[in-house]
Amino acid sequence: MKFLINIAFKNMFRNKLRTIVSILAIAFAVMVIVFARGLLDGMIADTYELYIHYDTGHIKIIDEEYAQKERLLSLNYTVNGLENKSLAEMQSDLKELQGIEMVIPRLKFGAAVSTEEELVQMLAWGVDSEKELAFTNLARELSQGRMVEAGKREVVMGTKLLDKINRSVGEKVTMVYTTAFSSFQGATFEIVGEITSNLPLLNEETVFMPIDTARELLYLEDESTELLLTVGDRNQAGEYLPAVQNYLEQNGGEKYLAQVWKEGSSYIQLLEVSETIYNFIYLFLVLLASIVVINTLVMIVKERTQEIGMMSALGLKSREIMQLFILEGSAMALIGSLAGALGGGIINYYLAGVGFDYSAAFQDIDVLMNPIIYPTFKLEHMLFGFTIGVVVTTLTAIIPARRAAKLEPTEALREI
Amino acid sequence: MFLFRMALKNLNRHRRRTFITALIIAFAILIYILTEGLMLGMTEMSFSNIINLESGHLQVADQNYWNEREELPLKNLIEPSEEVEKKIEALSGLQAYTKRLNFAVNLNNGIDELPVTGVGIDPDRDGAVFELQKYLTAGRMPRSESSEIIMGAKLAELMDFELGDYAVMLIRTPDKTFNTIDGEIVGLFNTPHPSLNESNVFISLSTAQQRLNIEDKISHYVLRLEDRDKAINAAAGLAQILEGDLNAYSWRDAAESLVTMMEMQEIETQVILAIILTLAAVGIVNTVILSALERMEELGMMKALGMHQREIVYTFMVEAAGIGIIGGIMGIIMGSLGLWIFNLNGIDMAALTGGGDINYGFPLSGTIYAGWEFYSFVFVFVYGVFISVLASVFPALWAARKDPVKAIYHR
């Protein structure tokens, strides 16, 4: 075998130009794959995180009726404890379950601020500040002031929303809302913080206030519109779901729906499908690149027909001849894939800091997605590109190698 | 002609290699044609939805209103006047026009409240501009002077409304007092424009004007022309003769973010095409080098017999062009076949979005079909051939520059 490797390696340098072109083709394909994966991963990972942070949690518990009418932000289908347990007890019970790290209540309702010209609609979230800061990236997005404190009439909102209502941090704002008993009321809050985010949801739609303040104003008891559970690793969320469902069932919580984050949004499901589709596209790209290698190998086989005839006449088995050509093909694949993986890695490394700005295209789309996409730089992508490059090219090298192996020594020798 | 014939013969020497290399180009073209066709189909449907249900071909509005139109303000409205209407009527190619008023509504069903967009329409004239009536699934259009309303079937379901129910619409007049309209639901619609189904309520214009206390003001005129391609020029023409802050906007201006998105998608398609064609170019380079290596003695001999370096390069370029043309023809045949198969059934938007109601920026729903555009076929074909020829230049030069003596003694 070592002998064969030696010949294959030497053969590769017999015509450098032709070898380099074949290597280049593979390198280019692998580079594109590494880059595309980095970009897609940057987009998807970020989007998953955003959905988990601001929509679904790792596991989300809501009322089944509420799930149908989430858009209404109704206060009639709240999570308000179990048969003989209050919400607080339910929360601490859930936290005791294996794997659950945090239980985060959110109380969402519609509110509006009246300005000179119009009524600015917004989405109010009653939140537990400490938990939100620990779970989401709000702390990083908070550009001015601080997060709201429990029990106070304070709000935090996005830059663009502040702009719309002509207010700034430190000023007061009067918001109107409909309480749980359908009465129309207003309350005045102090703006204590400003969020600057690329995410339209945070920047121009949502206003945060302490959850206890929100309950008091809406005449709600110990209630929230949803409970988010977090676990250590998002990919294991599904494993902890049965325990949560079991707990709800045993304590008379049939009206609740517990959902893992992947099922929480059709957009996440779409992304998962597209991830699979992209993997096929990668495969296809490498296949195209390996056509170049096949072409080169076919010519090499033709060129060396006499040589092959001689070698087989001297006792090299046809299996070994096949190995020889496959080795030559895979040597090209190795060098090309390595160069491509490194090249793609460098591009990703560079672009991870720069990012692509898609904000113009994402303006009207109703999904949670950071409009600036930063490709991720991961060894995993480079490894993936490298492996797929080597494997596919080596496999396709079998086609010309078989042709070489099938040659009859006498016939081959006679060929001019 | 001699060179041309030689190139053709050379192409024939390694039929399999020619075919395989052409295949890479064919795939590039196939993928381009498919994505482009799908995009085209979606664009076409999106624009016709917007035109037929939301923006018409042309809109006349105050320019200050236009910039803030998504906030549904009640300032900078237009006072309809004979003068403006005469100018509109004088527009060539005009089929019909109507008046509309968009305003913010909080829809209330007694339990919950939902912010939606109210649209005041002139029932007698709206049908000539918009196709809303076509998509009524139950009931009828609202009558003028009445407080009858129609809304999307989906919205009604969400709010637990049925035909004949009364929906309370909470509105705010320009002088900041709240007012309500008890709208009787006389019709439900289900259009292919998702956001219309989910958040628009239509009512007679006169009723809306009266309750909003804005006399006979409207937010914009909507015009329908004979042909939507005329709208862009017509908008520019109309804008010149309109006085004051009034301006005319075509359907393209109305769908600005959609247009940007299409452009981004277009760039993405181009990038994919460029990537595959780069691969194809490497393939062509490889093929030319392989042919040159094989024919080294031949080339040396031809040079020795007096063939110019330029002529050798030409021969290789024609050969590459041949590969490009074969690839292009295969690609276009496969692409057309692909589109044809795709259009037999179309793709259900609901399947694409996992049954969800999210619209990914495209104002369309239902089944999408791909579009055809002759121009894009020609473009991609020419592009493919061009890349092939371009890629062949350097390796051909390399081969042609070989010293004839050394080339003959190649081995």
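Taken together, the values in this text are just the output of simple stated rules run on the coordinates, not laboratory data. In this text, all values refer to a predicted model and were calculated from it rather than measured experimentally. Cβ atoms come from the backbone with ideal geometry, glycine included; neighbour counts cover every protein chain shown.
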Checklist entry - For the protein assembly as shown, what is the calculated [θ] at 222 nm in deg cm²/dmol (nearest 500), taking -39500 (n - 2.57) for each run of four or more DSSP H residues and dividing by its residue count? => result -17500 deg cm²/dmol
Checklist entry - If you bin every alpha carbon distance in region A:30-73 into 5 Å steps from zero, what whole percent lands in each bin? => result 5, 18, 15, 17, 12, 10, 8, 6, 5, 2
Next on the checklist: When the expected Rg is taken as 2.2 N^0.38 Å, what fraction or multiple of it is the alpha-carbon Rg of region A:1-146?
Outcome noted: 1.91
Checklist entry - Tell me, what is the FRET efficiency for A:ARG14 and B:HIS308 to the nearest 0.05, using R0 = 45 angstrom and their Cβ-Cβ distance as r? => result 0.90
Item to check | Hydrodynamic radius by Kirkwood, which averages 1/r over all alpha carbon pairs of region A:10-57, in angstrom | outcome: 13.6
Checklist outcome for this item: Taking Cα atoms only, helix A:16-51 is inclined relative to the longest principal axis of chain A by an angle, in degrees rounded to 10, of 10
Checklist outcome for this item: Longest principal axis of chain A (C-alpha) makes with the long axis of helix A:2-12 (C-alpha) an angle, in degrees to the nearest 10, of 90
Item to check | Evaluated at q = 0.07 Å⁻¹: base-10 log I(q)/I(0), Debye formula over Cα of the protein assembly as shown | outcome: -0.70
Next on the checklist: What distance in nm lies between label points placed 7 Å from Cα along the C-beta direction at A:GLU263 and B:GLU297?
Outcome noted: 7.3
Checklist entry - Quick one: helix A:266-303 against the long Cα principal axis of chain A, what's the angle to the nearest 10°, folded into 0 to 90? => result 10
Item to check | Rounded, prolate or oblate (a/c below 1.5 giving rounded, otherwise prolate when a/b exceeds b/c) for region A:52-96 by Cα gyration tensor | outcome: oblate
Item to check | Low-density loop cleavage sites - GluC sites (Glu not before Pro) in region A:252-357, where at most 15 other Cβ are within 10 Å (DSSP) | outcome: A:GLU254
Next on the checklist: Among the complete DSSP H segments of chain B, which ones combine at least 27 Å of alpha-carbon extent along their axis with a mean Kyte-Doolittle hydropathy of -1.0 or more?
Outcome noted: B:15-50, B:256-294, B:309-345, B:374-400
Next on the checklist: Between region B:206-260 and region A:208-273, how far is it from one alpha carbon centroid to the other, in angstrom?
Outcome noted: 46
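Mind listing which trypsin sites (Lys or Arg not before Pro) in region A:264-345 are in a DSSP loop and have 12 or fewer other Cβ atoms within 10 Å?
Passing sites in region A:264-345 are A:LYS317.
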Checklist entry - Please state the relative contact order of chain A as a whole percent: Cα pairs under 8 Å, 6+ residues apart? => result 27
Checklist outcome for this item: Residues B:VAL84, A:VAL176, B:VAL382, B:VAL201 in order from fewest to most other beta-carbon atoms within 10 Å are B:VAL382, A:VAL176, B:VAL84, B:VAL201
Checklist entry - Going by a ≥ b ≥ c, the root eigenvalues of the Cα gyration tensor, does region A:171-249 fall in the rounded group (a/c under 1.5), the prolate group (a/b larger than b/c) or the oblate group? => result oblate
Checklist outcome for this item: region A:286-307 and region A:68-104 have their Cα centres apart by a whole-number Å value of 65
Next on the checklist: What's the longest uninterrupted piece of chain A once you rule out the chymotrypsin sites (Phe, Trp or Tyr not before Pro) that are loop residues per DSSP with at most 11 other Cβ within 10 Å?
Outcome noted: A:182-416
Next on the checklist: For region B:118-174, I need the span (max minus min coordinate) of the C-alpha atoms along each principal axis, in Å, sorted largest to smallest.
Outcome noted: 34, 31, 16
Checklist outcome for this item: Rg (one decimal) and Dmax (whole number) from the Cα set of chain B, in Å, equal 30.8, 98
Item to check | Normalised alpha carbon radius of gyration of region B:166-253 [divisor 2.2 N^0.38 Å] | outcome: 1.41
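With a cap of 13 neighbouring Cβ atoms within 10 Å, and only residues DSSP puts in a loop, list the trypsin sites (Lys or Arg not before Pro) found in region A:1-86.
Passing both the DSSP loop test and the Cβ count: A:ARG14.
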Checklist entry - What is region B:96-237's relative contact order, in percent, from Cα pairs under 8 angstrom and six or more apart in sequence? => result 33
Next on the checklist: I'd like the distance between the alpha-carbon centres of region B:287-347 and region A:117-145, rounded to an integer number of Å.
Outcome noted: 61
Checklist entry - Remind me, what semi-axes does region A:130-283 give for its equivalent ellipsoid, largest first in whole Å, using sqrt of 5 times each Cα gyration tensor eigenvalue? => result 33, 24, 14
Next on the checklist: Residue by residue through B:274-285, how many Cβ atoms from other chains fall within 10 Å of the Cβ on average?
Outcome noted: 5
Next on the checklist: Taking a ≥ b ≥ c as the square roots of the Cα gyration tensor eigenvalues, with a/c under 1.5 meaning rounded and otherwise prolate when a/b beats b/c, else oblate, which class fits region B:103-227?
Outcome noted: oblate
Checklist entry - What number, in percent, do you get for the relative contact order of region B:1-123 if the mean sequence gap of Cα pairs under 8 Å and at least 6 apart is divided by its residue count? => result 13
